[in-house]
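Below: the structure, in structure tokens.
The values are calculated or read from the model by the stated rules, or taken from the named source; none is laboratory data. Note that the coordinates shown come from a computational prediction; the quantities given were computed from them, not determined experimentally. Cβ coordinates were reconstructed from backbone atoms using ideal geometry, including for glycine residues, and neighbour counts include every protein chain displayed. Surface accessibility is based on the protein's heavy atoms, side chains included, excluding ligands, DNA and RNA. Shrake-Rupley method; radii C 1.70, N 1.55, O 1.52, S 1.80 Å.
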Amino acid sequence: MQQVTLGPAAQQLVREGLDCAGPAVDEHLPDGRLAVRTGVFVVDPPFFGNGDVGRVAVCGVVNELAAAGAEPRRVALGLIVEAGLPVRLLRRLVRSIREAAREAGVAIASADVEVVRAGEADQVFVTATGFGVHRHPAPQPAALRPGDRILLSGPLGDHAAHVLTLRGAPGLEKYVDSDCAPLTALAAAVVPQARYAVAVGTGGLAAVLDSCTTARGLTLRITRSALPVRHQTRIALGLQGIDPLHADSAASLCLFVPPEHRAEALRRLRTHAQGQYACDIGEVTGSQLALVEVVDGDGTARPLERPRTTGPVRLR
């Protein structure tokens with residue numbers, strides 16, 4: 001079996017496979033401001049049923065740019081590859097990155113590869129930096145107002161359910177795929193109507209809501225029964241003892257929209273394949289307490305619980 005052993009050979013394979021477009025910031029941007037997002041991506045396992053860490057990395061930075069109201073243009077990548085990784089897996093990673101970039105409508109600006117000794121990495125780690133253009137000022141959480149509706153563009157927890165079942169309950173992953181996908185077109189259609197938007201990622205919806213209420217100083221109230229969670233995903237997460245609110249997603253936007261724009265925003269979301277499960281899950285209240293309330297089935301509003309974990313859960 002051919003394995004990755006030498007840095008220069010791996011670099012040539014990756015750069016030729018990705019057909020890098022040149023420096024990421026060589027483009028003249030007279031009509032907008034440069035937007036940049038950077039992420040470090042680790043998935044355990046790095047190659048899973050319908051994706052891999054490369055796809056997660058590209059979609060992750062592209063979706064963060066799109067949620068911020070920017071037009072993604074290019075992505076620069078850094079790969080840390082463990083010696084001994086089968087070359088077929090490196091080729092698979094390159095193909096996956098290329099396909100994700102094509103779906104997102106971005107170019108791979110540059111890529112670098114470093115090969116480390118066996119045992120020093122979990123097969124492959126990826127860093128990604130996305131470059132885009134802000135045509136309008138980026139929405140901020142300070143813009144949130146009491147009465148604003150909280151919308152989700154897609155189901156929660158599919159990515160977490162798929163990856164965790166691979167590790168904890170092999171065989172169940174075939175019933176729920178990772179939802180990892182670029183959301184550029186969907187975001188372009190609806191983010192301009194929103195006061196604020198965030199891509200749901202590590203830490204799940206709970207992390208998004210917690211950061212928003214901390215930044216704004218208002219209470220957010222969501223209804224648990226309104227959360228879009230697929231039946232198979234709920235079962236898979238339940239077997240792992242994970243609340244869907246805390247489960248990572250890879251293709252969902254959380255949007256805060258004025259109440260008068262709610263119906264139109266939902267209509268626009270549902271015209272896209274990644275937005276067919278879009279729904280209204282709650283509201284921004286007038287309470288000055290910076291917390292997130294979850295309304296359970298009995299109508300009782302309780303503060304959002306922190307996840308109970310004994311260590312880091314690596315999903316990105």
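Keeping all protein chains in place, calculate the accessible area per residue for region 28-91 (probe 1.4 angstrom), answer in Å².
Numbers: 2240 Å² over 64 residues.
That works out to 35 Å² per residue.
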Legend entry - Between region 119-140 and region 230-288, the alpha-carbon center distance in angstrom: 23 Å
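Taking a probe of 1.4 Å, how large is the accessible area per residue of region 124-254, in Å²? Walk me through the numbers before you get to the answer.
Working: 4560 Å² over 131 residues.
It amounts to 35 Å² per residue over region 124-254.
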Inset, instruction - Any chance you could give the angle, 0 to 90 degrees and rounded to 10, that helix 158-168 forms with the longest Cα principal axis of the chain? - result: 60 degrees
Inset, instruction - With springs connecting C-alpha atoms under 10 Å apart, model the chain as a Gaussian network and identify which of V113, V75, V200 has the largest mean-square fluctuation. - result: V113
Inset, instruction - Report the charge-dipole magnitude of region 190-248 in Debye, nearest 20, computed about the Cα centre from +1 at each Lys and Arg Cβ and -1 at each Asp and Glu Cβ. - result: 220 debye
Legend entry - Residue with peak Gaussian network fluctuation, the chain [Cα springs, cutoff 10 Å], from Q276, Q288, Q123: Q288
Legend entry - For A107, residues with placed amide H under 5 Å, excluding near neighbours: R74, V75
Inset, instruction - Only helical DSSP H runs with n ≥ 4 go in: add -39500 (n - 2.57) per run for the chain, normalise by residue count and round the 222 nm mean residue ellipticity to 500 deg cm²/dmol. - result: -9000 deg cm²/dmol
Inset, instruction - Quick one: angle between helix 7-18 and the longest Cα principal axis of the chain, in degrees between 0 and 90, rounded to 10, please. - result: 60 degrees
Inset, instruction - Starting from the amide H of L156, placed 1.01 Å from N in the peptide plane, find each other amide H under 5 Å away whose residue is 5 or more places distant or on another chain. - result: V229, R230
Inset, instruction - With springs connecting C-alpha atoms under 10 Å apart, model the chain as a Gaussian network and identify which of T38, T300, T127 has the largest mean-square fluctuation. - result: T300
Inset, instruction - Grab the Cα-Cα distance for Q12 and L239, subtract it from 0.36 nm times how many residues apart they are, and report the gain in nm with one decimal. - result: 77.4 nm
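Please give the charge dipole size of the chain, origin at the Cα centre, charges +1 on K and R Cβ atoms and -1 on D and E Cβ atoms. Round to the nearest 20 debye. Don't skip to the answer; put the middle values down first.
Values: 33 positive and 32 negative charges, 55 e Å.
Dipole magnitude for the chain comes out near 260 debye.
Report the net charge of residues surrounding I97, where surrounding means a beta-carbon distance below 12 angstrom and charges are Lys +1, Arg +1, Asp -1, Glu -1. Don't skip to the end; give the middle numbers.
Working: positive: R15, R55, R91, R92, R95, R98, R102; negative: D19, D52, E99, E103.
Once positives and negatives cancel, what remains is +3.
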Legend entry - For region 164-198 and region 27-106, distance of Cα centres in Å: 15 Å
Inset, instruction - Report the relative contact order of the chain, percent, no decimals, based on alpha-carbon pairs under 8 angstrom and at least 6 residues apart. - result: 24 percent
Inset, instruction - Determine the gain in length on full extension of the stretch Q276-L291; use 0.36 nm per residue of separation and subtract their C-alpha separation, reporting nm with one decimal. - result: 2.5 nm
Legend entry - Phi-based couplings in Hz for region 87-97 (Karplus 6.51, -1.76, 1.60; Gly and Pro marked x): 4, 4, 6, 5, 5, 4, 4, 4, 4, 5, 4
